[in-house]
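Trainee: Sharing a structure, written as structure tokens. Questions coming.
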Amino acid sequence: MNGSEGPEITVIIPTHQGRHRETHRALQSALAQAGVSLEVIIVDDGSSPSFALDEEFSDDPRVRIIARLRNGGAAAARNDGVRYARGNWIAFLDSDDVWRQGKLLLQLALATRRNSDGGLFVVAGGFRLVDERRQHVRTLIPSAASDVSSFASGCWFCPGSTAFLPRTAFDIVGLFDEGLRRLEDFDWYLRFAVQGGELLVVPDVLADVNVGARPSVAAVREAVEFMVRKYPETGHLLSGSERRRFRAYMALEEAAALWNAGSRLSALPSLARSWILAPRRRLHLVDFWQSAAAIPSVSAR
């Protein structure tokens, strides 16, 4: 631990409009992590009225609030948290999700062992994907990865609430692209992979992740178009096969947005384009999971 030098881990929780109760629940799950020295930075992304701590947390010296004057999206909020972080390690937690007991301790142990070998890495973990609207839960243990092709095929490990990484990773990869309102995680981890990054996984359930509102078709298309411009056909960042997987995943994102919006016929051309670019027998481009189980009710949450 850092001792008097400061916290060992910085937890970053972005929040925005109307998530007062959820943010406090996320904060409580972070502060309950035993065996580690931490600080929690809540980034209020332009809320009106501004986010304020409940009385039970207001005097806790581990908690800070950074208030953004204007809403900038998840990328901008996380970047502000990274800039103000004092810990050697960064852990992200979305404001509508919660961590299980022991989450940080398990990840810190694996990260410390891996850090002795040097290199660029992130530690993720298993999670329960909770869809309260459909009364459905899936327990997912993501697969580890160290190849660009996997990261070009999707963002499967819920980095917004499971990622644990050395702060120095941002010196190598850079910050999140604030031009993206969607797919900002996918973009960062694609750059991470190109730099030789490795995803490690603690094979235990570490978080409960809430299925939020589906993004609009317009928002997804805007992000996809941004990404296609950012990774052009003539660029040398991705190889030919990696580029095809990237374009196949972009088509799959667009198809999913249309399907979820009820435009199922309109989704078919994008879905077909994804299969043509990356022929396969499954919906996802890669078998992303070590294990997955469905639970029919969320009552046990």
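Trainee: Between helix 103-115 and the chain, what is the angle of the helix's C-alpha long axis to the longest principal axis, kept within 0 to 90° and rounded to the nearest 10?
Mentor: The answer is roughly 70 degrees.
Trainee: Taking a temperature of 37 °C and a viscosity of 0.692 mPa s, what whole-number D in µm²/s does Stokes-Einstein yield for the range 188-301 with Rh from Kirkwood over alpha carbon pairs?
Mentor: Calculated translational D: 199 µm²/s.
Trainee: How big is the range 1-111 along each principal axis, measuring the range of its Cα positions in Å and listing the largest first?
Mentor: Sorted from largest, the Cα extents of the range 1-111 read 38, 25, 24 Å.
Trainee: Using only the alpha-carbon atoms of the chain as identical scatterers, what base-10 log of I(q)/I(0) does the Debye formula give at q = 0.08, 0.10, 0.13, 0.16 Å⁻¹?
Mentor: Evaluating at q = 0.08, 0.10, 0.13, 0.16 Å⁻¹ gives log10 I(q)/I(0) of -0.34, -0.55, -0.96, -1.48.
Trainee: Give the percent of DSSP beta bridges with both residues in the range 1-153 that are antiparallel, rounded to the nearest 5.
Mentor: The answer is about 25 percent antiparallel.
Trainee: Filter the trypsin sites (Lys or Arg not before Pro) in the range 186-288 down to the DSSP loop ones having no more than 11 other Cβ atoms within 10 Å, then list what survives.
Mentor: 281, 282
Trainee: Something else about it: How long is the gain from residue 64 to residue 287 if the chain were fully straight, where each residue apart is worth 0.36 nm and the alpha carbon distance is subtracted?
Mentor: Between residue 64 and residue 287, full extension yields 76.4 nm more.
Trainee: Taking GluC sites (Glu not before Pro) as exposed when DSSP calls them loop (any state but H, G, I, E, B) and at most 16 other Cβ atoms lie within 10 Å, what is the longest stretch of the chain free of them, the sites themselves excluded?
Mentor: Longest stretch, sites excluded: 1-131.
Trainee: Once the convex hull of the alpha carbons of the range 123-266 is built, what does its volume come to per residue, in cubic angstrom?
Mentor: It comes to 119 Å³ per residue, whole-number rounded.
Trainee: Can you give me the three principal axis dimensions of the range 217-282 from its C-alpha atoms, in Å, biggest first?
Mentor: Largest first, the range 217-282 extends 37, 28, 14 Å along its Cα principal axes.
Coordinate-derived values only; no laboratory data. All figures in this text were calculated on a predicted structure; none of them were measured in a lab. So basically every Cβ, Gly included, is an ideal-geometry build from the backbone, and we count neighbours across all protein chains shown.
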